[in-house]
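Q: Sharing a structure, written as structure tokens. Questions coming.
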Amino acid sequence: QAQFVESGGGLVQPGGSLRLSCAASGSMFSIYAMGWYRQAPGNQRELVASITSDGGPNYADSVKGRFAISRDNAKNTVYLQMNSLKPEDTAVYYCNFAGPLLGGLGDWGQGTPVTVSS
């Protein structure tokens, strides 16, 4: 019974777009901030986007202006719209709780891999 199930990744050319989805289970989703994290080989996992319980977004500088995070609390789902993709966006993308109290404390899912290459 995975707490988070990510989907939507794939292979895309530079400049292309993908939309990632994260289906969450459990009772905390609707009341706490959610985030998208990514990890490339040899790198630490980093938070690239987060969204508050009432829909306020925040982005890492590396993706600002290109990515958009959103959530549908009725569906227990968080999305990441990824536009103008660059090779350096290549990573496995994960969702989890964000924010100072529960950030990263949910059970990590398998993630969904994104490869940006020509």
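Q: Which condition number in (1) closer than 19 Å to LEU101 by Cβ; (2) open to solvent by less than 30 Å² (accessible area, probe 1.4 Å); (3) over 12 Å from the mean Cα position of the chain (by Cα) is the one that PHE4 fails?
A: The single condition PHE4 does not satisfy is (3).
Q: Further question on the same structure: Within the stretch 40-58, count every residue that is assigned to a strand (DSSP E or B), closer than 26 Å to SER118 by Cβ and open to solvent by less than 60 Å² (accessible area, probe 1.4 Å).
A: Counting residues in the stretch 40-58 that are assigned to a strand (DSSP E or B), closer than 26 Å to SER118 by Cβ and open to solvent by less than 60 Å² (accessible area, probe 1.4 Å) gives 2.
Q: Does the stretch 61-91 hold any residues that are within 18 Å of THR112 (Cβ to Cβ) and among the aliphatic types (A, V, I, L, M), and which are they?
A: Within the stretch 61-91, VAL63, ALA68, ILE69, VAL78, LEU80, MET82, LEU85, ALA91 qualify.
Q: Now for a separate question. Which ones in the stretch 85-106 are under 15 Å from ARG19 (Cα atoms) and open to solvent by less than 40 Å² (accessible area, probe 1.4 Å)?
A: First, pick out the residues of the stretch 85-106 that are under 15 Å from ARG19 (Cα atoms): 85-86, 89-95.
Hits for the stretch 85-106 are LEU85, ASP89, ALA91, TYR93, TYR94, CYS95.
Q: Would you mind telling me which numbered condition in (1) more than 14 Å from the chain's Cα centre (by Cα); (2) exposed (fewer than 14 other Cβ atoms within 10 Å of the Cβ) GLN110 fails?
A: The single condition GLN110 does not satisfy is (1).
Q: Continuing with this model, one more query. Scan (1) farther than 22 Å from GLN3 by Cα; (2) touching a Leu at 6+ places or on another chain (Cβ under 8 Å) for the single condition LEU80 breaks and write down its number.
A: Going through (1) farther than 22 Å from GLN3 by Cα; (2) touching a Leu at 6+ places or on another chain (Cβ under 8 Å) one by one, LEU80 breaks only (1).
Q: Do you know which residues across the stretch 83-96 are over 10 Å from the mean Cα position of the chain (by Cα) and over 20 Å from GLY42 (Cα atoms)?
A: ASN83, SER84, LEU85
Q: Same structure again: Checking the structure you have, find out if any residue of the stretch 21-38 is buried (at least 17 other Cβ atoms within 10 Å of the Cβ), free of Cβ contacts under 8 Å to residues at least 24 places away in the same chain, of a type in the set (Ser, Thr, Tyr) and touching a Phe, Trp or Tyr at 6+ places or on another chain (Cβ under 8 Å).
A: no
Q: Mind counting the residues in the stretch 59-84 that are among the aliphatic types (A, V, I, L, M) and open to solvent by 30 Å² or more (accessible area, probe 1.4 Å)?
A: 2
The values are calculated or read from the model by the stated rules, or taken from the named source; none is laboratory data. These numbers were taken from a predicted model, which means no experiment stands behind them. Backbone-built Cβ (ideal geometry, glycine too); neighbour counts: all protein chains shown. Just so you know, the surface numbers come from the protein's heavy atoms only, side chains and all, with ligands and any DNA or RNA stripped out. Shrake-Rupley method; radii C 1.70, N 1.55, O 1.52, S 1.80 Å.
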